[in-house]
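*Asks:* Sharing a structure with you now.
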Ligand SMILES: Cc1cc2nc3c(=O)[nH]c(=O)nc-3n(C[C@H](O)[C@H](O)[C@H](O)COP(=O)(O)OP(=O)(O)OC[C@H]3O[C@@H](n4cnc5c(N)ncnc54)[C@H](O)[C@@H]3O)c2cc1C
C-alpha cells in the first residue's frame, strides 16, 4: 500500500512511523521543514500529560465570553473584529461543554488518547534514538493555596475519574521541591506519571529523519488541491497513490472542504517565550494557576507557553499576548525577573492549535472516499496524543473497528 501523509508535524510524523511498521510505503509531504516554526508542534508547552483531559469548554463558559472580549490580559481572549466569523464555532464550542455529562464524556475520549502518552513517547523516542529529548519528572500544578486548588475541583474530579494520580504538596514541600517558585505559591499538585519533551521541534525533526531512514520519502511543498478520487496536487503535479492521510494541523480544514467535509475547526492561537540561560533548570514543568501557562525547561531555555487567542486565521500575531507571558514569568520566578525583559535573552513565537468545536480530534475515514483518511484537530493535546492517534488511524486503515467519538460523521 502506497500512502501519502500530508503534514509532517507530530501527528504526521507518528502516523508515518506507524504506517511504516504496518508495511506501507510512505511519502510525507510538508510545506515547511518538519518541526519548523510554521507548525504548532514546534513551540508548544512540551507537556506529555495524562492529566490534559479537561476540556476547554465547561458549563457556564458562555457567561464568560463578554469578559474575554473585554479583558486584554487574561489567558483567553477573543478579537472583537473576528467575532462574526467565529460565532458558529463558538456556539458549538460552548454547547459541547454545556452539561456535566458532555464534559465527562469528552474527558473520557481525551483520556483514551492520553492515558499512556508518556510511556508511548518513551518507547517511540528510544526506537528513534531520541531518548535524550524525553524527560520523566512528573508535571506540577502550582496554586496560591489549597482553596485555589479546590476551586478547580471539576478539573481534578475529571482527572481522578480518568485514573490520573497526583500528590498534594503543602507550602514546605513545594518550597523544597521547586525552590525557584515565588512565595505566592503555597500548594502544589504533582502529577507523577507526566513527562515532557526537551525540544518538540527537534523531536519532530528527529522522528521524520527516522521515518526517512526506515524508507519513507519526504517531499517539500504545499498540497494545493485534492479531489474525491484521491488525486492530490503538489507543486503543480498530481501524485498517484493508494491512500492519503490528511494530518496537516490547522491546514487540514481547507483540504477537507475540497472533499465536502466542512469541519468545525478554528485555530486557537497560542504564544511562547523562551528565556535563554535563565540560570536554573526547573526540576519538573510547572503550570501556575494564575498565568495558566506551561513553564518548561527545554534545551533551548526556559519556555513559557500558553494563551488562547481566538482571531482570524490570517491575522498577524499580537505580541502583546506574549508580553502577558513575560509578566507572569517575572512574577513566578523572582530569579529571572530582570532577565525576562532583556530582548537579547528572549525569543517569541506564535502557533495555531487546530481546535475542533467539540474538543476532540478527527481520526477518521473521510466521507468522500474510503481511500482518504483524517488525523488532525488535536487542539491542546496534539504532542502528547500523537502516538495513540497514529495507532488508531492505522487500525482504521486496516478496516479494524475504532471509536465513533473521533469520526467525521459526528458533525453530520
Ligand atoms: C502555545 C501552545 C502550547 C501547546 N502545548 C501543548 C502541550 O504542552 N502538550 C501537547 O500535547 N500539545 C500542546 N499544544 C498542541 C500541539 O502543539 C498541537 O496539537 C500539535 O502540535 C498539532 O500537531 P499537528 O501535527 O496536527 O499539526 P502541526 O504541528 O501544525 O503540523 C502540521 C504541518 O502540516 C503542514 N501543512 C499544513 N498545510 C499543508 C499543506 N496544504 N500542504 C503541505 N503541508 C501542510 C505544516 O507546514 C505543518 O508542518 C500546544 C499548542 C500551542 C500553540
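*Asks:* Is there a residue in segment 368-376 that is without any contact (Cβ under 8 Å) to a residue 40 or more places away in the chain and either within 16 Å of the ligand (Cβ to nearest atom) or surrounded by fewer than 21 Cβ atoms within 10 Å (Cβ to Cβ) (or both)? Working first, answer last.
*Replies:* Keep residues of segment 368-376 that are without any contact (Cβ under 8 Å) to a residue 40 or more places away in the chain, which gives 370.
Checking which are either within 16 Å of the ligand (Cβ to nearest atom) or surrounded by fewer than 21 Cβ atoms within 10 Å (Cβ to Cβ) (or both) leaves us with 370.
Yes: one or more hits.
*Asks:* Kindly provide the set of residues from segment 393-412 that are under 21 Å from residue 230 (Cβ atoms), in contact with a strand residue (DSSP E or B) (Cβ under 8 Å, 6 or more places away or on another chain) and in a helix (DSSP H, G or I), ordered by number.
*Replies:* Matches in segment 393-412: 393, 396, 397, 408, 409.
*Asks:* Go through segment 304-331 and give me each residue that's touching a helix residue (DSSP H, G or I) at 6+ places or on another chain (Cβ under 8 Å) and within 30 Å of residue 174 (Cα to Cα). Give the steps one after another, and end with the answer.
*Replies:* First pass over segment 304-331, keeping only residues touching a helix residue (DSSP H, G or I) at 6+ places or on another chain (Cβ under 8 Å): 304-307, 309-313, 315, 329-330.
304, 305, 306, 307, 329, 330 - these are the residues of segment 304-331 that are touching a helix residue (DSSP H, G or I) at 6+ places or on another chain (Cβ under 8 Å) and within 30 Å of residue 174 (Cα to Cα).
*Asks:* Check whether at least one residue in segment 307-322 is within 14 Å of the ligand (Cβ to nearest atom), at pLDDT 95 or above, closer than 22 Å to residue 249 by Cα and surrounded by 23 or more Cβ atoms within 10 Å (Cβ to Cβ), and report yes or no.
*Replies:* No: zero hits.
*Asks:* Scan segment 55-63 and tell me whether some residue there is in contact with a helix residue (DSSP H, G or I) (Cβ under 9 Å, 6 or more places away or on another chain) and within 11 Å of the ligand (Cβ to nearest atom).
*Replies:* no
*Asks:* Of the conditions (1) surrounded by fewer than 16 Cβ atoms within 10 Å (Cβ to Cβ); (2) within 16 Å of the ligand (Cβ to nearest atom), residue 1 fails just one. Which one is it?
*Replies:* The single condition residue 1 does not satisfy is (2).
*Asks:* Let me ask something additional. So the check is Cβ under 6 Å with 6+ separation or different chains; which pairs have a first residue in segment 36-61 that's within 30 Å of residue 221 (Cβ to Cβ) and a second one that's in a loop (DSSP other than H, G, I, E, B) and near the ligand (Cβ under 6 Å from one of its atoms)?
*Replies:* 38/32; 39/9; 41/9
*Asks:* For the condition more than 16 Å from residue 376 (Cβ to Cβ), modelled with pLDDT of 95 or more and surrounded by fewer than 21 Cβ atoms within 10 Å (Cβ to Cβ), what is the one hit in 60, 45, 36? Can you show your working first?
*Replies:* Numbers: 60 fails: modelled with pLDDT of 95 or more; 45 fails: surrounded by fewer than 21 Cβ atoms within 10 Å (Cβ to Cβ).
Of the residues listed, the single one that is more than 16 Å from residue 376 (Cβ to Cβ), modelled with pLDDT of 95 or more and surrounded by fewer than 21 Cβ atoms within 10 Å (Cβ to Cβ) is 36.
*Asks:* So residue 400 passes all but one of these: (1) away from the ligand (no atom under 16 Å from the Cβ); (2) farther than 24 Å from residue 6 by Cβ; (3) modelled with pLDDT under 95. Which condition number does it fail?
*Replies:* Tallying (1) away from the ligand (no atom under 16 Å from the Cβ); (2) farther than 24 Å from residue 6 by Cβ; (3) modelled with pLDDT under 95, residue 400 fails exactly one: (2).
*Asks:* Considering only segment 8-48, state which residues are near the ligand (Cβ under 8 Å from one of its atoms), assigned to a strand (DSSP E or B) and more than 22 Å from residue 195 (Cβ to Cβ).
*Replies:* 29, 30
*Asks:* Among the helices (runs of 4 or more DSSP H) confined wholly to segment 99-195, which include 3 or more residues that are surrounded by 15 or more Cβ atoms within 10 Å (Cβ to Cβ)? I'd like the intermediate steps shown before the answer.
*Replies:* Working: elements: 100-114, 117-127, 146-150, 153-161, 171-177.
Hits in segment 99-195: 100-114, 117-127, 153-161, 171-177.
The values are calculated or read from the model by the stated rules, or taken from the named source; none is laboratory data. If you're wondering where the values come from, they're calculated on a predicted model, not measured in any experiment. A quick note on method: Cβ atoms are made from the backbone with ideal geometry, for glycine too, and the neighbour counts reach across all protein chains shown.
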